[in-house]
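Quick notes on the structure that follows.
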Amino acid sequence: MENIINLKDIEVVFEDGERILKKINLDIKDKEFVTFLGPSGCGKTTTLRIIGGFLEPTSGDVFFEGKRINGLPPYKRNVNTVFQRYALFPHLNVYENIAFGLKVKKLPDKEIVRRVGEMLELVNLKGFEKRSVSRLSGGQQQRVAIARALVNHPKVLLLDEPLGALDLKLRKEMQVELRKIQQALELTFIYVTHDQEEALTMSDTVVVMNNGNIQQIGSPTDIYNEPVNAFVADFIGESNIINGIMPEDCVAEFSGHRFECVDKGFAKNERVDVVIRPEDIKIIPPEKAKLTGIVESVVFKGVHYEMTVDGMEHKWIIHSTLHEPVGTMIGMDIAPFDIHIMKKSEE
Amino acid sequence: MKTKWVSAPYLVWMTVFIAVPLLMIAVFAFTSNDGGFTIKNIQDVGQYANIFFRSIWLSVIATAICLVMAYPVSFILSRMEKHRQATMLMIVMLPMWMNFLLRTYAWMTLLGNNGVINHLLGLIGIGPLKLINTSGAVVLGMVYNYLPFMILPLYSVMVKIDKSVIEAASDLGCGSFATLFRVIVPLSLPGITSGITMVFVPAISTFIISRMLGGGSNLLIGDLIEMQFLGNAYNPHLGAAISLVLMVIILVIMTVMNQFSPDDQVLI
Ligand SMILES: Nc1ncnc2c1ncn2[C@@H]1O[C@H](COP(=O)(O)OP(=O)(O)OP(=O)(O)O)[C@@H](O)[C@H]1O
Ligand SMILES: [Mg+2]
């Protein structure tokens, strides 16, 4: 697969002198579903705006199909955007909003009617053609915004949290629909979200960002199973992150005990982050365990119970289908391959 | 229902100072000196058709010039950073702080045959040109005096146009011109119509500007009315009839204009 977009050493510094993007490098393959995942304010929208042509990077280059496109205005780029706050045209109705791009390109009327009709069906807004967009709910507006961009069949579609305003059921439906469209029309989707589950279920590639830096690029399984640092691990799924050291290969020391693990290649006694997922901690009788703690709270989460356990040095989060009452002393056991050792990120 | 009382002062005001005088104008227009009903006054207005046409023509030109000048200014203003908008807006309004008569008087000395402009032109061997007492000078006076009335409504509509809507147009393939005509103009339409009203109505009924800058040969409706009430032509019945016809003309023009505004933003 060819790369369709490359970002090279992209830096953005706003007038107030703040560095919002710090030398970002990213290759996006053709026909790929890429997700930018990161906390609020980390620079996801800013990165999208650079690809869309709404913002010029302070330094660095943007390539589209191998050609440098810095300075090319948005209307000359084969890219469409679903804006974070919809940005619908208030003077046009639903139909006219969706047809806008096609009318600008002066497509034949028949073609416009057909393609807009298709889109209306897709986003479930049949019968709303004549409705003014100011009289739509947030979720309906969001779907018009998706249809308005998608109807142009751009090579690359940029979606900035396009499902944020939808209820859970509709969001799940639209996730499936969007993925289907992307595969059927063989488009490249660049999708912004801060919902990690959405990122993991929809994408071919996840780009985890924090503080204007890319933390990790990889497939959802890579990101989930092999997070490169404590930030990614924590962001992808709530995790227990404990300070530890590596006395030797395959041995980690934390919470006052030594544990067998599977990681190696660290300096002797290097300080590391130890990451353990809540679902990987097994509850065992306290007298058989190295790690013990007192159950502080129990919350029922549907499939499992989420417990916080006070273990002196660290408050543990445990997901378990078994339920221990608050105040009991429990023991915790972790298998060697569930102990993830990560280099301390320099910050 | 109780809140209705709050509007009582305005209702009284409206009755005493708007409805009653309007009624009196109508009565005057349809009566003769001895008090009997007549339509002669209205018929007599026909004699002044040329003055009516000149007034309409000059105020249409002035309104058009105001629109063309104010539109880009307002747009640029509305896209500036918030704190700079306030300063720039004040500069736009600055001439309004000076008395209307004084402002127009200043133009007399600028445009006069021995005025500043002709003097400067003389230095490079041009002129003297006849600048004052022309219809051009009247239009200039109207544009100069009423331009802020065009900028303000345009600006106040344009600041409400979200930047992202303009970006969306660009995203969907619009260059600058397409963005202007497909998005910015339709969204600023209410500002355009109210700006036109606010310039056209005072322009068509002005008499000071034409008096000071137009000389005797550029009489406007305003001058005509003034002469009937305060001048030697003293005839309040004819004056009232002219006012009434002018009102009808303005009403018709505004109704036509409103056909172009969105339904929910009708002006009168
Ligand atoms: N025009 C601007 N001038 C100065 N700072 C800006 C500007 N636009 C964005 N920023 C800052 O850049 C940072 C990144 O913003 P961005 O919109 O890219 O975040 P985001 O990752 O999309 O967040 P969210 O998930 O909340 O949408 C923020 O701290 C924001 O305050
Ligand atoms: Mg954002």
Self-check item: In region A:30-65, the residues that are out of contact with any strand residue (DSSP E or B) (no Cβ under 8 Å at 6 or more places or on another chain) and more than 13 Å from ligand 2 (Cβ to nearest atom)
Solution: A:Glu56
Quiz item: Would you call A:Glu11 out of contact with any strand residue (DSSP E or B) (no Cβ under 9 Å at 6 or more places or on another chain), open to solvent by 10 Å² or more (accessible area, probe 1.4 Å) and away from ligand 2 (no atom under 16 Å from the Cβ)?
Solution: no
Quiz item: Of the residues that sit in region B:111-125 and are in contact with a Ser or Thr (Cβ under 9 Å, 6 or more places away or on another chain) and surrounded by 13 or more Cβ atoms within 10 Å (Cβ to Cβ), which one is modelled with the highest pLDDT?
Solution: B:Leu111
Quiz item: Can you name the condition, by its number, that B:Gly173 falls short on among (1) on the phi > 0 side of the Ramachandran plot; (2) within 14 Å of chain A (Cβ to nearest Cβ); (3) surrounded by fewer than 16 Cβ atoms within 10 Å (Cβ to Cβ)?
Solution: (3)
Quiz item: When the residues of region A:313-328 are filtered to those that are surrounded by fewer than 15 Cβ atoms within 10 Å (Cβ to Cβ) and in contact (Cβ under 8 Å) with a residue 24 or more places away in the chain, which remaining residue is nearest to A:Gly256 (Cα to Cα)?
Solution: A:Glu313
Quiz prompt | Lone qualifier among A:Val144, A:Val156 - being at pLDDT 90 or above, open to solvent by less than 10 Å² (accessible area, probe 1.4 Å) and in contact with a Lys or Arg (Cβ under 9 Å, 6 or more places away or on another chain) | solution = A:Val156
Exercise. Could you please find all residues in region A:314-329 being assigned to a loop (DSSP other than H, G, I, E, B) and within 31 Å of the chain's Cα centre (by Cα)?
Key: A:His314, A:Thr321, A:Leu322
Exercise. Could you list, in sequence order, all residues of region A:152-189 that are aliphatic (A, V, I, L, M) and within 20 Å of A:Arg85 (Cβ to Cβ)?
Key: A:Leu157, A:Leu158, A:Leu159, A:Leu163, A:Ala165, A:Leu166, A:Leu170, A:Met174, A:Leu178
Quiz item: A:Val151 is checked against (1) in contact with a strand residue (DSSP E or B) (Cβ under 8 Å, 6 or more places away or on another chain); (2) within 14 Å of another protein chain (Cβ to nearest Cβ); (3) away from ligand 2 (no atom under 16 Å from the Cβ); (4) open to solvent by less than 10 Å² (accessible area, probe 1.4 Å) and fails just one. What number does that condition carry?
Solution: (1)
Quiz prompt | Wholly enclosed helices (runs of 4 or more DSSP H) of region B:69-179 bearing at least 2 residues under 24 Å from B:Gly214 (Cβ atoms) and of a type in the set (S, T, N, Q) | solution = B:100-111, B:135-158
Quiz prompt | Only one of A:Val94, A:Val104, A:Val116 that is over 14 Å from B:Glu167 (Cβ atoms), modelled with pLDDT of 95 or more and at the interface with chain B (Cβ under 8 Å from one of its Cβ atoms) | solution = A:Val104
Quiz item: Of A:Val192, A:Val176, A:Val156, which residue is out of contact with any Cys (no Cβ under 8 Å at 6 or more places or on another chain) and within 17 Å of B:Ala168 (Cα to Cα)?
Solution: A:Val156
Exercise. Go through B:Ala168, B:Ala178 for me and flag whichever is without any contact (Cβ under 8 Å) to a residue 40 or more places away in the chain, within 14 Å of another protein chain (Cβ to nearest Cβ) and in contact with a strand residue (DSSP E or B) (Cβ under 9 Å, 6 or more places away or on another chain).
Key: B:Ala168
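Each row is one residue, and each column tells you yes or no for (1) within 14 Å of another protein chain (Cβ to nearest Cβ); (2) within 15 Å of ligand 1 (Cβ to nearest atom).
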{"residue": "A:Leu26", "(1), (2)": "no, yes"}
{"residue": "A:Lys31", "(1), (2)": "no, no"}
{"residue": "A:Gly38", "(1), (2)": "no, yes"}
{"residue": "A:Cys42", "(1), (2)": "no, yes"}
{"residue": "A:Asp61", "(1), (2)": "no, no"}
{"residue": "A:Ile69", "(1), (2)": "no, no"}
{"residue": "A:Asn80", "(1), (2)": "yes, no"}
Exercise. Can you run down the residue pairs with Cβ atoms below 6 Å, 6 or more apart or on separate chains, where the first is in region A:90-107 and open to solvent by 50 Å² or more (accessible area, probe 1.4 Å) and the partner is assigned to a loop (DSSP other than H, G, I, E, B)?
Key: A:Tyr95/A:Glu129; A:Lys105/B:Gly173
Quiz prompt | Selected residue [open to solvent by less than 40 Å² (accessible area, probe 1.4 Å), more than 16 Å from ligand 2 (Cβ to nearest atom) and closer than 30 Å to A:Glu121 by Cβ] from A:Met246, A:Met174 | solution = A:Met174
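The values are calculated or read from the model by the stated rules, or taken from the named source; none is laboratory data. All of these numbers come straight from a predicted model, not from anything done at the bench. We place every Cβ from the backbone using ideal geometry, glycine too, and count neighbours over all the protein chains shown. SASA here: full protein model, heavy atoms, side chains in, ligands and nucleic acids out. Shrake-Rupley method; radii C 1.70, N 1.55, O 1.52, S 1.80 Å.
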